[in-house]
Amino acid sequence: MKVAAFDEVSLGLIGVSLMAALVALLLMMRERWKSARISHQLQVVSSEKRALERGDALTGLLNRKGLDMALDVMASAGPHGVVVVLLDHYRRLRQAFGQEFSDFVIKLAAQRLGSCLPPGATAAHLEGGEFALAIPGGKSDLLEVAELAFQQLALPVQSAKGQLILAASMGVATAGLPEDRGRLIEFASLAAERAGTGLNGEGKICVYDPAFAEEARAQAFFLNDLREAIENKQLRLLFQPKVDAQSLQITAAEALLRWQHPVRGNVAPGVFVPMAEAAGLMGVLGRWVIEESCRVAANWRAMGLRMRVAVNISALQMQEEDLVDHIAQCLGRYGLQPNRFTCEITESVAMQHTATATATFERMRSLGLHVSIDDFGTGYSSLAALRRLPASELKVDRAFIADLEHSEDARSIAASIVSLGKALNLKVVAEGVETQGQCELLMMMGCDELQGFLFSKPISADEMTGMIKGTSQDDGPESLPFSESLFMNTTLSNL
Ligand code: C2E
Ligand code: MG
Ligand code: MG
């Protein structure tokens with residue numbers, strides 16, 4: 001009995017222990033399975049993360065990091081190089097048509113570039129409209145791919161915004177010295193920028209030359225000087241008169257920037273204005289030009305000279321949302337009227353119909369600023385577009401004036417612009433008038449105002465005052481009579 005009782009108890013205990021062991025085993029297996037599942041998920045996540053780190057989500061191509069890794073692999077395998085592809089006007093396209101369309105363009109370009117790759121090559125999307133192709137082989141292999149990519153990109157495609165033809169500037173760099181390893185993309189990128197400027201002649205594919213890096217360094221120093229000159233207010237304004245074509249009296253003055261570099265001497269605005277734009281310095285500089293022109297105009301007004309003052313507005317300034325507010329504030333501060341202040345905007349800039357530029361024109365119209373279309377005749381504007389602009393003045397490009405006496409074409413173009421101005425109720429100004437013959441031809445054509453070295457080179461505000469008042473020095477510019485602006489009724493109440 002005792003034995004039986006013991007057996008029952010021990011059997012019961014064994015049963016309980018077995019159950020407990022089974023539960024423990026199950027729990028352990030569940031934990032193992034859970035941790036195996038987590039580690040698998042972690043592996044998936046980390047490989048996805050690694051892929052994301054190397055890849056570009058929009059195009060499925062490699063990104064910069066992935067390209068660096070691919071180039072490391074190629075470097076150990078033999079000769080290779082990089083082709084950088086810069087899509088032309090990508091930023092403008094994005095500003096004009098928005099993110100969705102620019103993403104479409106990037107995906108299309110990625111697909112086409114991908115289709116040009118030879119075996120062993122790979123493509124990456126670096127940023128914005130910039131791509132890079134890593135290609136095994138020498139210079140001729142790389143050039144062959146670049147040319148094929150050029151043709152592929154240029155195939156027209158029908159898009160939501162009409163027919164689209166992609167163009168690009170391309171730079172080619174082959175791996176050379178071991179110390180240049182890691183700088184291949186940078187070199188190809190420099191060459192692509194160079195291709196974009198057209199400095200290497202025809203064609204948009206440029207092969208890297210070590211001189212480019214030297215130039216880029218020199219430019220960086222130059223830019224630094226410009227930055228300092230702007231900060232230290234070392235730039236100054238000269239003024240060039242516009243004269244009435246009938247009476248030859250001064251009606252207005254155009255402000256032109258000057259930079260006297262301590263080593264390089266006079267640097268032309270045609271050189272440093274685009275540099276300032278590219279470096280994001282034009283905002284500050286442009287504001288100073290507006291402020292200073294208003295200050296000078298107010299001085300002239302205080303002397304009883306109601307001269308219209310003109311400033312040149314750059315492409316990037318047209319994209320500033322508060323440009324017109326700034327002009328309005330300056331005019332208010334110096335007590336000047338908006339229709340006495342001319343904004344000269346080149347035809348090519350005026351025809352860039354971005355949303356911000358259109359809004360800027362609208363604000364100019366509602367403030368009543370005097371708008372002039374500069375360098376007219378070179379920008380292919382349509383009549384319809386021209387009529388929509390709030391412009392009151394066309395300035396015939398200097399190139400046509402220079403050829404006036406010798407070229408029938410130049411005479412026809414100048415005469416057509418004068419007729420166009422009359423038809424659209426716009427005044428026509430001829431710039432760059434240098435000879436008596438040009439002056440007479442323009443007068444005969446019915447041009448309204450003239451500007452050029454024949455009358456005066458750009459001079460300081462004080463020299464201009466002296467010239468108008470007839471107090472200029474013997475070696476200074478010749479004295480010219482002054483007349484009020486042609487473009488408005490000038491009554492005493494306007495003073
Ligand atoms: P622009 O506004 O078309 O100015 C006319 C240019 O022609 C000026 O050159 C002027 O000095 C020059 N010029 C005037 N009359 C004659 C002439 O009879 N013969 C010749 N050969 N040249 C003449 P500059 O001062 O070198 O300016 C070049 C361009 O730089 C300007 O062209 C304008 O687009 C830009 N610029 C100048 N100042 C500024 C500025 O303050 N802001 C901006 N955004 N651009 C400026
Ligand atoms: Mg101008
Ligand atoms: Mg001009």
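Annotations
- SER169 fulfils the conditions (1) part of a strand (DSSP E or B); (2) within 16 Å of ligand 1 (Cβ to nearest atom) except for a single criterion, (2).
- Residue in the range 339-367 that is farthest from VAL311 (Cα to Cα), counting only those that are small (Gly, Ala, Ser) and in contact (Cβ under 8 Å) with a residue 24 or more places away in the chain: ALA355
- For the criterion of being within 16 Å of ligand 1 (Cβ to nearest atom) and either crowded, with 22+ Cβ neighbours inside 10 Å or over 23 Å from ALA229 (Cβ atoms) (or both), SER366 fails.
- Candidates are the residues of the range 253-267 that are of a type in the set (A, V, I, L, M) and modelled with pLDDT under 95; the one that is farthest from ligand 2 (Cβ to nearest atom) is VAL263.
- Taking the criterion of being away from ligand 1 (no atom under 15 Å from the Cβ) and surrounded by fewer than 21 Cβ atoms within 10 Å (Cβ to Cβ), the residues of the range 337-360 that qualify are GLN337, PRO338, ASN339, MET351, HIS353, THR354, ALA355, THR356, THR358, ALA359.
- Residue count for the range 394-444, restricted to those that are under 18 Å from LEU383 (Cβ atoms), of a type in the set (D, E, K, R) and more than 16 Å from ligand 2 (Cβ to nearest atom): 1.
- Only one of GLY196, GLY171 that is under 22 Å from the mean Cα position of the chain (by Cα), over 30 Å from ARG295 (Cα atoms), in contact (Cβ under 8 Å) with a residue 60 or more places away in the chain and buried (at least 21 other Cβ atoms within 10 Å of the Cβ): GLY171
- Contact map, the range 447-466: first residue without any contact (Cβ under 8 Å) to a residue 60 or more places away in the chain, second residue in a loop (DSSP other than H, G, I, E, B) and within 16 Å of ligand 2 (Cβ to nearest atom), Cβ cut-off under 8 Å, separation 6 or more or different chains; pairs are GLY452/GLU431; GLY452/GLY432; GLY452/VAL433; PHE453/GLY432; PHE453/VAL433; LEU454/VAL433.
- Only one of LYS161, LYS204 that is surrounded by fewer than 16 Cβ atoms within 10 Å (Cβ to Cβ), basic (Lys, Arg) and touching a residue at least 24 places away in the same chain (Cβ under 8 Å): LYS161
- Restricting the range 303-312 to residues that are at pLDDT below 90 and either more than 15 Å from GLN249 (Cα to Cα) or surrounded by fewer than 22 Cβ atoms within 10 Å (Cβ to Cβ) (or both), the residue that is farthest from ligand 2 (Cβ to nearest atom): GLY304
The values are calculated or read from the model by the stated rules, or taken from the named source; none is laboratory data. Remember, predicted model here, so these are calculated numbers, not experimental data. Glycine also receives a Cβ, built like all others from the backbone with ideal geometry; neighbour counts cover every protein chain displayed.
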